[in-house]
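Bear in mind these aren't lab numbers, they're just calculated from the coordinates by the rules spelled out. All values derive from a computational prediction rather than experimental measurement. Counting neighbours? That spans all protein chains shown, and the Cβs are built from the backbone with ideal geometry, glycine included.
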Amino acid sequence: METNKNSKKIIIFGVILLMLAGLIVVALKGFKVSLMFGKHETIEIKLDKAMDFETMEQISKDVFQKKDFTLKELEVFGDSAQINVEAITDEEKTTLINQINEKFEVSKTVEDLKIYSVSNKRIRDVVKPYIVPMISAFVVIFIYVLIRFRKINGIQLILEFVKTAILTEVILLSVIAVIRFPVTDGLIAILMLIPILELIIATFKGEEKLAIENNE
């Protein structure tokens, strides 16, 4: 029994340290964002002939070396590509064009590269459109829970859900901050789904308690 108590204390202490570490990292450095969230350059090139995607990917690796980049095909004809990279120098532009000309047997110039800067995307701007719909949905569900589980104290059920959801989100955000995991659209979607899953779990628990109450 004493061992279990000590184990719980260690876990709680570890969670508190993790949250403090996450808070410090966010305060000092903020969250690490993926390439598409941060300020970057977008480069578009059209070859006017079929492009081998694997060859284009290898060219991008050779040109940008250790820089993060993403590559995707444009248009339905498979003759255009878009490269997103954190930054591109004049030397890299020249090298990119030279390799494209060599590998694809075309005669393109640096002027054929369409390059434009993309400003950083703020996380709050991504989340903002979903805030009102989610709050509205939660309000409706909370009202349902209060009515449905009034016999077993629906308010307590909601409070437990809120506590668990907040704690789960804070722990996950702390882990993401500490290990410097890049924030992406997919990660934000997962973080927004967690409260919904927690609410589903809380509802199932409420149904179990209600079933026991009715049987008694």
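So, in the stretch 30-58, exactly how many residues are in a loop (DSSP other than H, G, I, E, B), touching a residue at least 24 places away in the same chain (Cβ under 8 Å) and within 25 Å of residue 87 (Cβ to Cβ)?
Within the stretch 30-58, residues that are in a loop (DSSP other than H, G, I, E, B), touching a residue at least 24 places away in the same chain (Cβ under 8 Å) and within 25 Å of residue 87 (Cβ to Cβ) number 10.
Does residue 120 satisfy the criteria of being under 30 Å from residue 187 (Cα atoms) and touching a His at 6+ places or on another chain (Cβ under 6 Å)?
Working: under 30 Å from residue 187 (Cα atoms): yes; touching a His at 6+ places or on another chain (Cβ under 6 Å): no.
It is false that residue 120 is under 30 Å from residue 187 (Cα atoms) and touching a His at 6+ places or on another chain (Cβ under 6 Å).
Quick one: which of 86, 111, 92, 105 is surrounded by 13 or more Cβ atoms within 10 Å (Cβ to Cβ), of a type in the set (Asp, Glu) and farther than 19 Å from residue 33 by Cα? First the steps, then the outcome.
Numbers: 86 fails: farther than 19 Å from residue 33 by Cα; 111 fails: surrounded by 13 or more Cβ atoms within 10 Å (Cβ to Cβ); 105 fails: surrounded by 13 or more Cβ atoms within 10 Å (Cβ to Cβ).
Of the residues listed, the single one that is surrounded by 13 or more Cβ atoms within 10 Å (Cβ to Cβ), of a type in the set (Asp, Glu) and farther than 19 Å from residue 33 by Cα is 92.
Residues to consider are 85, 63; find the one that is among the aliphatic types (A, V, I, L, M), in contact (Cβ under 8 Å) with a residue 12 or more places away in the chain, closer than 30 Å to residue 179 by Cα and touching a strand residue (DSSP E or B) at 6+ places or on another chain (Cβ under 8 Å).
85
I want to confirm something. Restricting to the stretch 120-162 and keeping residues that are out of contact with any strand residue (DSSP E or B) (no Cβ under 9 Å at 6 or more places or on another chain) and in a loop (DSSP other than H, G, I, E, B), which single residue is surrounded by the most Cβ atoms within 10 Å (Cβ to Cβ)?
Residue satisfying both the conditions and the ranking: 149.
Being surrounded by 11 or more Cβ atoms within 10 Å (Cβ to Cβ) and of a type in the set (D, E, K, R) is the filter; apply it to the stretch 1-49 and report the residue that is farthest from residue 118 (Cα to Cα).
49
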